[in-house]
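Rule-based calculations on the coordinates, nothing more; no lab input. Keep in mind it's a predicted model, so treat the numbers as computed, not measured. Methodologically, a virtual Cβ is constructed for each residue, glycine included, from the backbone with ideal geometry; neighbour enumeration extends over all protein chains shown.
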Amino acid sequence: MKVKEILTKILLIEIFKGLALTLKMLFSKSVTVQYPFEKRNIHEGFRGRHALVRDPISGDDKCIGCMRCTTVCPSRCIHIKREKRENKMVVIDYIIDASRCVYCAYCVEACPVCALVLTEDYEYSSYERKGLIFNKEKLLKNWDEFSAKWPADYYFNKFWQPPGIDPSRWPKTKREQGPVPLKRGVEIKREVKNEQLPS
Amino acid sequence: MNPENERELLINMGPQHPATHGVLRLVLEVEGEIVKRCTPYIGYLHRGLEKLAEDLTYVQSLPLTDRLDYLSSMVNNVGFCLCVEKLLGINVPERAKFIRTMLSEMARICSHLVWIATHALDIGAMTVFLYAMRDREKLLELFEMVTGARLTVSYPRIGGVRCDVSNEFLKKLERFIDEFPKRVEEYETLIDRNRVWLKRTKGVGVISAEEAINWGLTGPTLRGSGVYYDVRKFFPYDAYDKVEFDVPVGKNGDIYDRYKCRMLEFRQSVRIIKQCIERLPEGPILADNAPKIRMPASPLKIDKEDVQFEIYVDDKSVEDFIKKFTDIYASVEAPRGELGFYIVCDDSAKPYRMRVRAPSFVHTGALPRLCEGGLIADVIANIGSIDIVLGECDR
Ligand code: SF4
Ligand code: SF4
């Protein structure tokens, strides 16, 4: 026992065991990703940069100015400017201060018409604070950038229909929300239009 | 010796010191290499979370708790949810309980991986850092898959969880935990019997069981001294009373024993996750009487004065329930120790006062006791061994 202990002490057994492990790792497959050139896959439903969904029919956003996202936002970073025009509420501007946002996706859940989405883009750092304040135009542009990259023709966010809440409690628009067709294939667009016309 | 050289020296360690795990500032009075006095100064990361919560509804406060201990945000969320559930009298469905337990243990592994990585790096073993980060990355990816975020998950919700887990996720998780015990052995090969590691940790920063209790230490820091206390065993929450696991306990109360406890906890967490995957029941993931995001018939009706209250508590019975209680405390076993939430409520949907019992805060208080009389180099080892996160300490 004693001899063995002395031998391990002199021969640095435990150190060589560790070195053997690191040597083994040297020849195993590399796990690192060369980030700016090579990107890992983002999982569906990642909460990244905000965007306002562009309605494929009207080409505008779908927001109705109900202020629910503003109310639910824990960091109070959504500001909506709206106006009453001919008995109709019109959203003039929609501002999200992304530098204050905590990316909880409560706003996405609360929106009754699924107008808002947290996209899977995560590369939008900016040299100035102004670059992180998104107005309506910027938010729509975010959507265009995101949808151009989206591989499928339809998009559906997993936070749009919060699970667990009885669907009868949702407004009709939320209940009926299906995957959003992206404004890419002309055919898809026409198809949707045809459906829309008779109703 | 010239008496002028014998005077004590005042050293500022931190707040930018990389080995203080964030923004902890220690003022050390040293005589040669010996630390005579050690005074921690905290508050560099104070964001006033407790005060902020007073202005937000219970549901809205949830994302705040992510920012307490950002290395294990899931456990913080669960702690807050448990407290509010206790307050509102909500029974969480079985499936949600198991999912929470599963993800909490994932968060524990994640957090302990960061701990072993940085602790070993501080003491001088760089390789462990790389290996631990490699494995943590896999877990973060799993988190991203189910919650949509890697670090600040905001995943549980008062009365359940936010979205269901998929079979794909369970399979991936199973694959991870099958190979994870081997990884833990790898870390141990690197440091467990390494003579430098043993010299730096054995018999350093000793705190006896009695003293540890008196200082209010919890979690692995307390268990390293040989005290058998774990919130998961003593006050079981979620599905912890339905799974089997052991609580590893140390003996000597030195840095090595605290390290050993956490290493053994890795294996217990794996065991818990395995059981959760096997026994995951079917069913709903949100309680029926959970506070919901209300969807009135006409969205424009919501534009009222007291809109915050309207949105979250739309149930008369829930409102009555809140009125019956004045204060409530619930705690969870966070990776760092007992994390408690104490809420004093009035009849509104916002807490009158929320207080967080953060283990890091208590452990920082015990730091002078551990460091005084030791060497400067051991201060770093001590900080690592009590495993503090300043986000939680300063709140
Ligand atoms: S994600 Fe959360 S914090 Fe960000 S804008 Fe939406 S509600 Fe506000
Ligand atoms: S909740 Fe939706 S519809 Fe209402 S204001 Fe916000 S984005 Fe617009």
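Shape class of segment B:59-119 from the alpha-carbon gyration tensor: oblate, with a/c at 1.5 or above and b/c at least as large as a/b.
The H on the amide N of B:TYR41, modeled in the peptide plane, is under 5 Å from the matching H of B:ARG25, B:LEU26, B:VAL27, each at least 5 residues off or on a different chain. Per-residue Karplus couplings for segment B:121-132, computed as 6.51 cos²θ - 1.76 cosθ + 1.60 with θ equal to phi - 60°, are listed in order as 5, 4, 7, x, 9, 6, 4, 4, 4, 5, 5, 5 Hz, Gly and Pro entered as x.
As I understand it, the dipole of the protein assembly as shown uses +1 on the Cβ of Lys and Arg and -1 on the Cβ of Asp and Glu, about the Cα centre. Which of B:THR147, B:TYR259, B:GLY32 lies farthest toward its positive end? Sorting the options by dipole projection puts first B:THR147.
Using bins of 20 Å that start at zero, the share of Cα-Cα pairs per bin across the protein assembly as shown amounts to 18, 49, 27, 6, 0, 0, in whole %.
Here the protein assembly as shown is treated with +1 on each Lys and Arg Cβ and -1 on each Asp and Glu Cβ, and its dipole about the Cα centre works out to around 860 debye.
Please report the net charge: other residues with Cβ closer than 11 Å to the Cβ of A:THR32, K and R +1, D and E -1. Every neighbour counted, the sum reads +1.
Across segment A:123-136, computed HN-Hα scalar couplings (Karplus, 6.51 cos²θ - 1.76 cosθ + 1.60, θ = phi - 60°) run 9, 9, 5, 9, 7, 10, 5, 4, x, 9, 9, 8, 9, 4 Hz from first to last residue, x flagging Gly and Pro. In this structure, the amide hydrogen of B:ARG357, modeled 1.01 Å from its nitrogen in the peptide plane, lies closer than 5 angstrom to those of B:GLY340, B:PHE341, B:TYR342, counting only residues at least 5 positions away or on a different chain. A Förster distance of 35 Å, applied to the separation of the beta-carbon atoms of B:SER208 and B:ILE11, puts the FRET efficiency at 0.80.
On the basis of the beta-carbon distance and an R0 of 56 Å, A:ILE42 and A:ILE6 show a calculated FRET efficiency of 0.50.
Here is the short version for chain B: B:CYS81, B:CYS83, B:CYS110, B:CYS163, B:CYS261, B:CYS276, B:CYS345, B:CYS393 have no other Cys C-beta closer than 4.7 Å. Annotation: amide H-H contacts under 5 Å for B:ALA334 (H modelled 1.01 Å from N, sequence separation of 5 or more, or interchain): B:LEU339.
Remark: chain B carries a charge dipole of roughly 540 debye about the Cα centre, counting +1 on each Lys and Arg Cβ and -1 on each Asp and Glu Cβ. Between segment A:94-123 and segment B:216-263, the C-alpha centres lie 40 angstrom from each other. With R₀ fixed at 60 Å, the C-beta to C-beta distance from A:VAL31 to A:MET89 puts the FRET efficiency at about 0.70.
The helix-based estimate of mean residue ellipticity at 222 nm for the protein assembly as shown, built from -39,500 (n - 2.57) per DSSP H run of four or more residues and divided by its residue count, is -13500 deg cm²/dmol to the nearest 500.
With 10 Å bins beginning at zero, the pair-distance distribution over Cα atoms of chain B amounts to 5, 22, 31, 24, 12, 5, 1, 0, 0 %.
Note on the protein assembly as shown: dipole from Cβ charges, positive end direction compared against B:GLY250, B:PRO284, B:TYR41; the farthest Cα belongs to B:PRO284.
Normalised by 2.2 N^0.38 Å, where N counts its residues, the alpha-carbon radius of gyration of segment A:50-181 equals 1.03. Counting Cβ atoms of other protein chains within 10 Å of each residue's Cβ and taking the mean over peptide A:41-47 gives 6. Specify whether the C-alpha gyration tensor of segment B:61-220 places it in the rounded, prolate or oblate class, a ≥ b ≥ c being the square roots of the eigenvalues: rounded for a/c under 1.5, otherwise prolate if a/b is larger than b/c and oblate if not. Oblate is the answer for segment B:61-220, as a/c is 1.5 or above yet b/c matches or exceeds a/b. Charged neighbours of A:LEU7, selected by a Cβ distance under 15 Å, balance to +4 (K, R count +1; D, E count -1).
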